[in-house]
Amino acid sequence: MILAANFKTNHTRKSTLEYLETLDGFSNTCSEDSFYIFPPATALESSSAHITIGAQNAYPIESGSCTGEIGVAQLNEFSIKTVLIGHSERRHVLGESLDLIKKKYDFFKEQGFTIFFCIGEPLEVKEQGVDAVMAYIADQIEGIDLSYENLIVAYEPVWAIGTGKSATNEDIAQIHSKIKKICDKPLLYGGSVKEANFKDIVAIDGVDGVLVGTASWDVADYISMIKSAK
Ligand code: 13P
């Protein structure tokens, strides 16, 4: 199972190091799981044997004049080869266009990065039914090379992110099976995953893991959630 934690704009460098130390001890005991942590850019670290560190965002550039962004040169300092692309907060809050997302995808693919590519529909699309959801997702993946060997897809419905209201198991099973038909890469679910629903969600056919925000930020809670499914 793939267990990915997105810290978003939480944690400092110090608290990330403490977190990683605690999680490292636990992850040792979970040989069949892959752990990924996406800390904020100020807390990037090198990966350990059991935990891969990824960047929440990076600009498709080696280095140069791009104020406020980081590129490959900054990621190389920590040997980071994993990046999140297309997260809904970058699409909908920060206004990243499909074009920029595709540019990032192609660039980091060229660099051999493991790409966590996030897709998912807003509420008004969900309310129009499954066909509308799949049409929305088709737009998000247009021009994206789904055969890329280091691709991990995360289905994160926008309305479920940070709301405490996860998609139902039926919704997840249905959308995941449809995505699996067009892309056979590992497929994660994200959106209000928490201890109360974790065990059921990871048991759904077509769910290869989770991308967790809020419920990952406290390491003890995160570990307890993972243990709940063991
Ligand atoms: P929450 O788990 O807080 O809903 O966030 C999910 C997410 O955006 C992970 O990338």
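The values are calculated or read from the model by the stated rules, or taken from the named source; none is laboratory data. Quantities reported herein were computed from a predicted structural model and do not represent experimental measurements. Note that we place each Cβ from the backbone using ideal geometry, even for glycine, and neighbour counts take in every protein chain shown.
The residue of region 203-218 that is farthest from the ligand (Cβ to nearest atom), among those that are surrounded by fewer than 20 Cβ atoms within 10 Å (Cβ to Cβ) and touching a residue at least 24 places away in the same chain (Cβ under 8 Å), is D205.
So is T29 farther than 19 Å from G213 by Cβ and β-branched (V, I, T) or not?
In short, yes.
Taking the criterion of being within 16 Å of the ligand (Cβ to nearest atom) and either at pLDDT below 95 or over 19 Å from V158 (Cα atoms) (or both), the only residue of region 172-189 that qualifies is P186. Looking across A196, A220, A160, one residue alone is closer than 14 Å to A5 by Cβ and out of contact with any Leu (no Cβ under 7 Å at 6 or more places or on another chain). It is A220.
Yes/no per residue for (1) more than 24 Å from V93 (Cα to Cα); (2) not in a helix (DSSP H, G or I); (3) not hydrophobic (A, V, I, L, M, F, W, C):
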residue	(1), (2), (3)
L146	yes, yes, no
G162	no, yes, yes
D184	yes, yes, yes
S192	no, yes, yes
A229	yes, yes, no
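Among the conditions (1) closer than 20 Å to G86 by Cβ; (2) small (G, A, S); (3) surrounded by fewer than 21 Cβ atoms within 10 Å (Cβ to Cβ), A160 misses just one, which is (3). Among the candidates S192, S228, S224, the residue that is buried (at least 18 other Cβ atoms within 10 Å of the Cβ) and either touching a residue at least 12 places away in the same chain (Cβ under 8 Å) or within 16 Å of the ligand (Cβ to nearest atom) (or both) is uniquely S192. Selection of region 194-221 for residues being charged (D, E, K, R) and in contact with a strand residue (DSSP E or B) (Cβ under 6 Å, 6 or more places away or on another chain) yields only D208.
Within region 123-149, the set of residues being surrounded by 14 or more Cβ atoms within 10 Å (Cβ to Cβ) and within 17 Å of the chain's Cα centre (by Cα) comprises I137, Q140, I141, I144, Y148. Within region 91-122, the set of residues being more than 15 Å from the chain's Cα centre (by Cα) and among the β-branched types (V, I, T) comprises just one member, V93. Inside region 84-101, residues that are free of Cβ contacts under 8 Å to residues at least 40 places away in the same chain and closer than 19 Å to I53 by Cβ make up a count of 2.
Residue pairs whose Cβ atoms lie under 8 Å apart, sitting 6 or more positions apart in sequence or on different chains, and linking a residue in region 161-172 that is in contact (Cβ under 8 Å) with a residue 60 or more places away in the chain to a partner that is more than 8 Å from the ligand (Cβ to nearest atom) and not in a helix (DSSP H, G or I), are I161/G120.
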